[in-house]
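Reading through the structure tokens given below for one structure.
Coordinate-derived values only; no laboratory data. Computed from a predicted model, the values in this text were never measured in an experiment. Reconstructed Cβ throughout: ideal geometry from the backbone, glycine too, with neighbour counts over all protein chains shown.
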Amino acid sequence: FDAAATSTAEERNKLWQARHDMYWASLQLRPGAKGISTDVCVPISRLAECVGAARDKAESMGLMAPIVGHVGDGNFHALLLIDMDSGIERQKADDYVGWLNDLAISMDGTCTGEHGIGQGKRPYLQKELGETIRYMAAIKAALDPENIMNPGKILEM
């Protein structure tokens, strides 16, 4: 998906609508399930390998997880279709997300291309960036001394 690749607002709107409709269409694969979205981003040279591994891992875990992406930048999304009343399925979803984050990091990618830091991916950001987090926190503190911009979302202050 690349809205910038279109030449008119109408074309961009159609692409955006298709992207949003994918979520609702995917939910129809398992009526009653809740969709838990996760994403990672890897170098384009590793994209096919990562997407294939993500698909295979979901299948081996017994998870339904349609995968889509605006993959020109290496970013893709898996939508885990989960029965939220099942502790086993919720745990499998957590395990899958952790596995996918670790896989992306091992491929010199990132645990998120767009979504999720501060909503479950903070520990993976630490794995990915290590000591860099300390410098990010210092910059955040300098620019936002009152900690009013997204407090606690990415960095614990």
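Set the Förster distance to 41 Å, then compute FRET efficiency between Ser45 and Ser7 from the Cβ-Cβ distance, nearest 0.05.
For R0 = 41 Å, the calculated efficiency reads 0.90.
First measure r as the distance between the Cβ atoms of His20 and Leu129, then evaluate 1/(1 + (r/R0)^6) with R0 = 41 Å and state the FRET efficiency to the nearest 0.05. Each step should come with its number before you reach the end.
On the way: r = 31 Å, r/R0 = 0.75.
Given R0 = 41 Å and the Cβ-Cβ separation, E is 0.85.
Order the peptides 89-100, 137-148 from the highest to the lowest mean number of other Cβ atoms within 10 Å of their residues. Provide the component values of the computation, followed by the final result.
Working: 89-100: 17.8, 137-148: 10.8.
The peptides rank, most packed first, as 89-100, 137-148.
Please report Arg55, Arg122 as a ranked list, fewest other C-beta atoms within 10 angstrom at the top and most at the bottom.
Arg55, Arg122
Just to be sure I understand, if you calculate semi-axes √(5λ) of the Cα gyration tensor in Å for this structure, which of (1) 24, 16, 15; (2) 30, 20, 14; (3) 27, 22, 17 do you get?
Comparing each candidate, only (3) matches the computed number.
Between Asn150 and Arg90, how many nm apart are label points set 7 Å from Cα along the C-beta direction?
2.6
Between their Cα atoms, which of Lys34/Lys121; Lys92/Lys153; Lys14/Lys127; Lys34/Lys140 are more than 29 Å away from each other? Each step should come with its number before you reach the end.
On the way: Lys34/Lys121 19 Å; Lys92/Lys153 24 Å; Lys14/Lys127 38 Å; Lys34/Lys140 34 Å.
Those over the limit are Lys14/Lys127; Lys34/Lys140.
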